[in-house]
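Written out below as structure tokens is the structure these notes cover.
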Amino acid sequence: MSQDPWLQNYDATCRLAQETAENIHVRNRQQRTGGNPAKINMTLRASLQKLKQNIAQLKEGLLRASSSRRLMQSEADRRQNLIDDLLTREKQLNATFKGDFMEPEPSRSTLMGSGAGSSGGVVANPWLVNESEETTGLTFGEIKQQQQRIIEVQDAGLDALAAVISRQKIMGREIGNELDEQNEIIDDLSHLVDKTDDRIRNETRRVKLVETKSASCGMLVVIVLLLIAIVVIAAWPV
């Protein structure tokens, strides 16, 4: 798995801060020995400007990642702490370059890789001033491994979330198909009901017609019987 671009930029900025601190130490030594630091001063100004730009890019990248919710809040807070540490170190480097701040000798020895300020030959992180508890006492390699583990945990969480979303998508598609089938059944039932209603209305009209005809026939029979009765009475001898 490739490393996060933000972490790559962060590592590069850390190395730049370390190189700048080493060059300031070299410049100060040249000044003490009567050398001409003009050339290295030009290099230091460019390095400090580059360091400022890199930190600004890290801040911008973290803001974009946080806004798009690509980072967990704990990771975003941790990266913000790393940026704050770099900003503090940048201010110290600028002050040291201008002569307003003298970097303590043990820190310079650590930067130059001497064994006086390190135990067991392991060089500690020279430019993180106020480290968080998670990174205190860790070397660069250990911090990178810790960051890589955090990214792997985040990736695993994203994979699990993607699997859940995929299952929900399949369920949604199946529910949609089931609804389509139910709608077709309802349409068929509606058509059948309409046909049945038409038949009922037709049969009702027929029944009414039969009833009308039956009533007419009954009246005719009564009239005929009355006529017969009149004839019989008329023919009856008085």
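The values are calculated or read from the model by the stated rules, or taken from the named source; none is laboratory data. Small disclaimer: the values here were computed from a predicted structure and weren't measured. Here the Cβ is made from the backbone with ideal geometry for all residues, glycine too, and neighbour counts use every protein chain on show. Surface areas here come from the heavy atoms of the whole protein model, side chains and all, with no ligands, DNA or RNA. Shrake-Rupley method; radii C 1.70, N 1.55, O 1.52, S 1.80 Å.
Residues in region 139-164 that are assigned to a helix (DSSP H, G or I), open to solvent by less than 100 Å² (accessible area, probe 1.4 Å) and over 13 Å from residue 72 (Cβ atoms): 140, 141, 142, 143, 144, 146, 148, 160, 162, 163, 164.
A quick yes/no check of all residues on (1) modelled with pLDDT of 85 or more; (2) not β-branched (Val, Ile, Thr):
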{"position": "130", "(1), (2)": "no, yes"}
{"position": "142", "(1), (2)": "no, yes"}
{"position": "155", "(1), (2)": "no, yes"}
{"position": "172", "(1), (2)": "yes, yes"}
{"position": "179", "(1), (2)": "yes, yes"}
{"position": "185", "(1), (2)": "yes, no"}
{"position": "189", "(1), (2)": "no, yes"}
{"position": "206", "(1), (2)": "no, yes"}
{"position": "217", "(1), (2)": "no, yes"}
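Listed by first and then second residue, the pairs linking a residue in region 76-96 that is over 14 Å from residue 66 (Cβ atoms) to a residue that is open to solvent by 50 Å² or more (accessible area, probe 1.4 Å) and part of a helix (DSSP H, G or I), with Cβ atoms under 7 Å apart and 6 or more places separating them unless they lie on different chains, are 90/52.
Select from region 165-191 the residues that are open to solvent by 50 Å² or more (accessible area, probe 1.4 Å) and either closer than 30 Å to residue 15 by Cβ or among the small types (Gly, Ala, Ser) (or both) and list them in ascending order.
Residues of region 165-191 that are open to solvent by 50 Å² or more (accessible area, probe 1.4 Å), as a first pass: 165-171, 173-175, 177-191.
The answer is 166, 190.
The number of residues in region 50-76 that are over 12 Å from the mean Cα position of the chain (by Cα), more than 29 Å from residue 21 (Cβ to Cβ) and surrounded by 13 or more Cβ atoms within 10 Å (Cβ to Cβ) comes to 0. Based on this model, can you work out whether residue 43 counts as at pLDDT 90 or above, open to solvent by less than 20 Å² (accessible area, probe 1.4 Å) and among the polar types (S, T, N, Q)? Considered against the rule, which asks whether it is at pLDDT 90 or above, open to solvent by less than 20 Å² (accessible area, probe 1.4 Å) and among the polar types (S, T, N, Q), residue 43 comes out as no.
Kindly evaluate residue 63 against the criterion of being touching a residue at least 12 places away in the same chain (Cβ under 8 Å) and either assigned to a helix (DSSP H, G or I) or among the basic types (Lys, Arg) (or both).
no
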